[in-house]
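S.K.: One structure, as structure tokens, below. Some questions next.
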Amino acid sequence: MRLTLRTLLAYLDDTLEPEEAKLIGQKVAESPIALELIERIRKVTRRRSLAPPPALGSESHLDPNTVAEFLDSVLPAEELAQVEQKCLEDDVHLAEVAACHQILTMILSQPASVPAPARQRMYRLVRGRESIPYRRPPEPVSPNKEPTDAEVERRYSTRRKVAWSAAGILLGGLVAALILSWPQQPPHRSALAQYTQPPIPVEPSKPEPPAKVFDQPQTTPKPEPEVVRPLPAPKEEKPPSEMPPKSEQTKKPLVRLPVEAPKLERVEVGTMNDPTGMLIVRPATKDVWMPVKPQDAVFTSDPLMALPGFRGSVRLDTGVTLMLWGNLLEFLPVSALESQVTLHRPPTGCDLDFTLDRGRVVVTNDKVDGSARLRVRYHGEVWDIEFAEKTEILIDGLFSLEPGTRYQPNEGSTNPPMRQLFVGVSKGSGTVLIPDRDPIELKAPPGQAMIGWDNKGRLKTPLKIAEPLPHWTREIPTKSPASDLKVVLENLRNRLLAGTTAQIALTELTQQEDKPFAQIYSAYGLQAIDEIGRVVDALDDLTKPAMRAAAIPALRHWVARDQKNSLNLHRMLRADKGYTSDQADVVVQLIHSFVEADIYDKKTYEFLFLQLEDPKLAVRELAYWHLAQLDPDGARSSMYNPAADQQREAALRRWRQRLSEGKLPPKPPKPEAAPAGKSS
């Protein structure tokens, strides 16, 4: 017995003989392809988001009769190969064939028990051929017997008769519809005037005394002639050029949905439909980040993330697609790395409801017809966006450390991180609905395409742009380091698809000391999943210079995510990493930025030069990072290296000499001169 799709279905539904089942089981165990196909059949038959295949039209590839003949083993060999190939290529048809086989197996193995009274009632309703006592029953056909040419011709003749009958009924219905819709003869003008003209006012006349029957005979009064008023002139219609566009004629008023807390139940809302993308998820039952493979189901209440540099799309059951857009600073100069969201069960009237924790997402309306509505929640803000077909909405949830923020040992950062929300329309058009504000219309460039907000309570004025912004591009640079990091992403994706958790896969990158770009990416990826301890270790590791350099922007990104993270970092340095209290204070403070006044203050440079002498490599690395940005010429001329043991003191003396020479701090810019005629 050959290992075909039909034998696999029979093996799964337990319809084979014991000896055949044993033989097929051995062949399946020896074939990885068969094992993969069996797992695929089990998954597609359980997926609720699959739509039924079209039965008619150009998109129909397998009609019901072909599927029935395939399951009955009466399909010709050449058509049999085509059906199997189509099922292997398309999950929809594979699910149809597998489900039909399973249903037929259940029905044939457990025949229905029809009570005698029910059988009698059914036979009284319709007198079919089965109820004719003298009718001979059809001869049983062996399942392995091939049909004869006469049987095939009779079968197709019956189908042709049914098709012609259906065509005749359809043609008759069409003729009847044309006759009923044919315009009738218009009514008489006088009758039409009754419905188009107001009644003619008649002045009341004085009543006359009734005539006496003995004075004059009674006569029948003559009817007054019917007065017909002329029809009003037809209203002048505007030419097509003056008519409002169709979208404005049919546009419905926007309905504001009530703002409610998100629904917390865990339900399936879509599937991962990006064959080249990569997402990770942290299920409620596990404390690790697991990969989301293509065609896997996606559930609400589970945090969903695209690691830095990765992208992945989720096709929702409502017809909307959500793409999580992870970024690397080497790809786009945007202060966003990973993208993390939590999906919620959408309320009535909404197609997508999610909380954007951080990063960039793109929402596309892929419905066949009709607009869509999404609800995005971002750190207290709840915005609804209604957008038309094929519209693409780009949403950025950004955050950063405010310059001049100081660290307080008992409170953490003195100022909360700056949070910003931007909504842009890269294709199509949409309307943003913000509580207590008028609707804001957005459309793709050129036009009013973007609006922003920050946590200082400021809603920015909608921005008109002539063309898509440069940082909206999806293209990845082809030169190093972007090209080298892209290779790291491809290798990491293969490792994750093999079933490895994100924690293990990223930790393995830190051990590749001969691959600097793998170490660079590991610093970005580990902070995304809160494995910050290994990033802190790299900041003080002489053997990992690439990861040590990437640890600084990674730590700054992680501290800015939450106001309490600076306090958590200080506790880790003191309790787990062996830092003194002063060293921990300096490290956390140098994670933050200086204000503009500090740049022109000599004390800033004296403080940083002092940290370049600290025995802790992490302190020297952070101080050098700030000085190299404030004084790039001094960093080049002094040739200071925080990781070098020798010549470090000589390089520091050369750099400090710039203070005595007056080259540091730089001179503040002169204020602009006041206009003529006005005093300053």
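S.K.: If I take R0 = 41 Å and measure r between the Cβ atoms of Ala628 and Thr276 in this structure, what FRET efficiency does the formula 1/(1 + (r/R0)^6) give, to the nearest 0.05?
M.R.: Efficiency at R0 = 41 Å is approximately 0.60.
S.K.: Each label point is 7 Å from the Cα along the Cα-to-Cβ direction; what then is the distance between the points at Asp645 and Thr473, in nm?
M.R.: Result for the modelled spin labels: 4.7 nm.
S.K.: With Rg and the Kirkwood Rh both taken from Cα atoms, where does Rg over Rh land for the stretch 292-422?
M.R.: Computed over Cα atoms, the ratio is 1.03.
S.K.: Pick out, in residue order, every one of the trypsin sites (Lys or Arg not before Pro) in the stretch 278-377 that is DSSP loop and has at most 12 other C-beta atoms within 10 Å; say none if there are none.
M.R.: Lys286
S.K.: Placing +1 at every Lys and Arg Cβ and -1 at every Asp and Glu Cβ, with all other atoms neutral, what dipole size does the stretch 268-469 have around its Cα centre, in debye to the nearest 20?
M.R.: So the dipole magnitude of the stretch 268-469 works out to roughly 300 debye.
S.K.: Stretched out fully, how many nm does the piece from Leu104 to Asp530 gain, at 0.36 nm a residue minus the Cα gap?
M.R.: 148.2 nm
S.K.: May I pose another question? Taking other Cβ within 10 Å of each residue's Cβ, how do Trp472, Trp558 sort, fewest first?
M.R.: Ranking Trp472, Trp558 by Cβ neighbours within 10 Å, fewest first, gives Trp472, Trp558.
S.K.: Sorted from largest down, what three extents in whole angstroms do the Cα atoms of the stretch 475-543 have along their principal axes?
M.R.: Cα spread of the stretch 475-543 along its principal axes, largest to smallest: 33, 29, 21 Å.
S.K.: Which three extents, in angstrom, do the Cα atoms of the stretch 5-109 have along their principal axes, listed largest first?
M.R.: In descending order, the Cα extents are 43, 29, 28 Å.
S.K.: Can you sort Leu8, Leu506 so the residue with the fewest Cβ neighbours within 10 Å comes first?
M.R.: Leu8, Leu506
S.K.: For Lys603 and Glu30 in the same chain, what is the full-extension length gain: residue separation times 0.36 nm, less their Cα-Cα distance, in nm?
M.R.: Length gained between Lys603 and Glu30: 198.9 nm.
S.K.: Peptides 325-331, 72-78, 297-303: what's the order by average Cβ count within 10 Å, highest mean first?
M.R.: 325-331, 297-303, 72-78
S.K.: Let me ask something else. Between Asn65 and Val259, with labels modelled 7 Å along Cα→Cβ, what's the label distance in nm to one decimal, could you check?
M.R.: 6.0 nm
S.K.: Let me ask something additional. Amide H to amide H, which residues 5 or more places from Asp274 or on other chains are under 5 Å from it, using H placed in the peptide plane?
M.R.: Gln295, Ser313
S.K.: Once you order the gyration tensor axes a ≥ b ≥ c over the Cα atoms, which shape class does the stretch 482-660 get: rounded for a/c under 1.5, otherwise prolate or oblate by comparing a/b with b/c?
M.R.: The shape class here is prolate.
S.K.: Compute the distance in nm between two label points, each set 7 Å from the Cα along the Cα-to-Cβ direction, one at Asp576 and one at Gln120.
M.R.: For Asp576 paired with Gln120, the spin-label model returns 8.1 nm.
S.K.: Hey, fewest Cβ within 10 Å first, where do Thr276, Thr285 land in order?
M.R.: With the fewest neighbours first, Thr276, Thr285 line up as Thr285, Thr276.
S.K.: Assuming 0.36 nm per residue, please report the length gained on full extension of the stretch Asn568 to Lys367 beyond their Cα-Cα distance.
M.R.: Extending this stretch completely gives an extra 67.8 nm.
Each reported figure results from applying straightforward, stated rules to the coordinates on display, with no laboratory input. Note that this is a predicted model, so its numbers are computed, not measured. Positions of Cβ are backbone-derived with ideal geometry, glycine not excepted, and every protein chain shown enters the neighbour counts.
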